[in-house]
Amino acid sequence: MEISIEETLEYRDLPSELKLWVISDEIIEGARTPIIFLQLLKEDMSLIGNIGRRLVFPTATQLGASSFSTLADAENPEKWLANNDYTVADKTISRINVDVTMLVYCATEVSDVLLEDMPKIDWIRLNLRNAGKAIGEYMEAAALALFEVGRGYVHNCVNLTYGEIIDAKATMKNANWLFDMPQPAYLVISPDAEAVLLKDTDYITTERYTAGQIATMVQGEAGLYAGMKVLISPLLDGTGDAFIIYPNDTKYGTVSVLVWKRTLRVKSDYELDDETTKYVSTVRYGMGIVQALGVLLFQVSASP
């Protein structure tokens, strides 16, 4: 009698050391904090290659005009000039200093063994690219803190509604900061706050933008509301904060600034002891609010 035994050996039955793996060319790093507040700062390169680490912004008060008290006086201005009777208006010059105080870094290292064992992955480029994103994320949080501290107004409200936003704009208008539609201000809110405003028919999403509006979009722009560009920042999640921030390219001049002393630089150092190369990415910069009246902070007690 002949006995035959059949057995199917499947891949899962193999010892782990005999299993073959195929690694995808794509390396998934996931999402990082988007750059929203940082892009609203005006970049200045004046200090790069120059002596010092302070950039000074001169500021000046506005002159006021006067008039003659009677028509007869107005007809004889030479008499007033000869008698030195004109009231002289003084223009006061002050300054705002923005100092380079920050050196931000991200350090990583790659071993020769890793490069030899996994040659198909560009480990150096992978690390350096992510280091740059890490520094950008750090600077984004610093920019948010700058606007929180340097704002010129605080508008307290229970809910962030169309009416509250219009009232806040009126506060800025009363200080002569008018809103120009070709260069609209930015309304920066959290994703949850956007979810509330999206239910308002006055909210214009980017899908309804004209070609001209699409051409001027910035990162994180989600639509137009109350005559302003709406930007979404996850950093505001759960804070109850929102902002109106005036752009820097208007007739009112610079509102906020990012002063570079050194843009992104990468240096490396090889360690013979363990055959690893350390890479250090660094930047040096300063941030400042030049005109606080161009920034308004909402503190919302009930809405997201």
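Listed here are the residues, each with its yes/no results for (1) surrounded by fewer than 20 Cβ atoms within 10 Å (Cβ to Cβ); (2) in contact (Cβ under 8 Å) with a residue 40 or more places away in the chain; (3) among the aliphatic types (A, V, I, L, M).
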{"residue": "Val188", "(1), (2), (3)": "no, yes, yes"}
{"residue": "Ala193", "(1), (2), (3)": "no, yes, yes"}
{"residue": "Val196", "(1), (2), (3)": "yes, yes, yes"}
{"residue": "Asp200", "(1), (2), (3)": "yes, no, no"}
{"residue": "Ile214", "(1), (2), (3)": "yes, no, yes"}
{"residue": "Gly240", "(1), (2), (3)": "yes, yes, no"}
{"residue": "Val255", "(1), (2), (3)": "no, yes, yes"}
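Name the residues in the range 28-43 that are surrounded by 12 or more Cβ atoms within 10 Å (Cβ to Cβ), among the charged types (D, E, K, R) and at pLDDT below 95, would you?
Restricting attention to the range 28-43, the residues satisfying the condition of being surrounded by 12 or more Cβ atoms within 10 Å (Cβ to Cβ) are 32-43.
Remaining after also requiring among the charged types (D, E, K, R): 32, 42-43.
If the condition is that a residue be surrounded by 12 or more Cβ atoms within 10 Å (Cβ to Cβ), among the charged types (D, E, K, R) and at pLDDT below 95, then Arg32 is the only one that fits.
Restricting to the range 146-174, and then to whatever is of a type in the set (Gly, Ala, Ser) and surrounded by 13 or more Cβ atoms within 10 Å (Cβ to Cβ), can you tell me which residue is farthest from Leu258 (Cα to Cα)?
It comes out as Ala168.
Return yes when Val257 is out of contact with any helix residue (DSSP H, G or I) (no Cβ under 9 Å at 6 or more places or on another chain), modelled with pLDDT of 95 or more, more than 19 Å from Ala134 (Cα to Cα) and not basic (Lys, Arg) and no when it is not.
yes
Name the residues in the range 109-158 that are of a type in the set (Asp, Glu) and either in a helix (DSSP H, G or I) or under 26 Å from Ser233 (Cα atoms) (or both), would you? Outline the logic, then answer.
In the first step, residues of the range 109-158 are kept if they are of a type in the set (Asp, Glu); the result is 109, 112, 116-117, 122, 137, 140, 148.
If the condition is that a residue be of a type in the set (Asp, Glu) and either in a helix (DSSP H, G or I) or under 26 Å from Ser233 (Cα atoms) (or both), then Asp112, Glu116, Asp117, Glu137, Glu140, Glu148 are the ones that fit.
Among the residues of the range 271-304, which ones are part of a loop (DSSP other than H, G, I, E, B) and either of a type in the set (S, T, N, Q) or more than 30 Å from Asp117 (Cα to Cα) (or both)? First the steps, then the outcome.
Our first condition is that a residue be part of a loop (DSSP other than H, G, I, E, B); within the range 271-304, this holds for 272-275, 290-291, 301-304.
Scanning the range 271-304 gives Val290, Gln291, Ser301, Ala302, Ser303, Pro304.
So, in the range 98-133, how many residues would count as being among the hydrophobic types (A, V, I, L, M, F, W, C) and closer than 23 Å to Gly288 by Cβ? Write out each step before concluding.
Kept after step one, since they are among the hydrophobic types (A, V, I, L, M, F, W, C), are these residues of the range 98-133: 98, 100, 102-104, 106-107, 110, 113-115, 118, 121, 123-124, 126, 128, 131.
The next check asks that each one be closer than 23 Å to Gly288 by Cβ; those that pass are 98, 100, 102-104.
Going through the range 98-133 one residue at a time, the tally reaches 5.
The values are calculated or read from the model by the stated rules, or taken from the named source; none is laboratory data. Predicted, not measured: the structure shown is a model, and the values here were computed from it. Note that each Cβ is placed from the backbone with ideal geometry, even for glycine, and that neighbours are counted across all protein chains shown.
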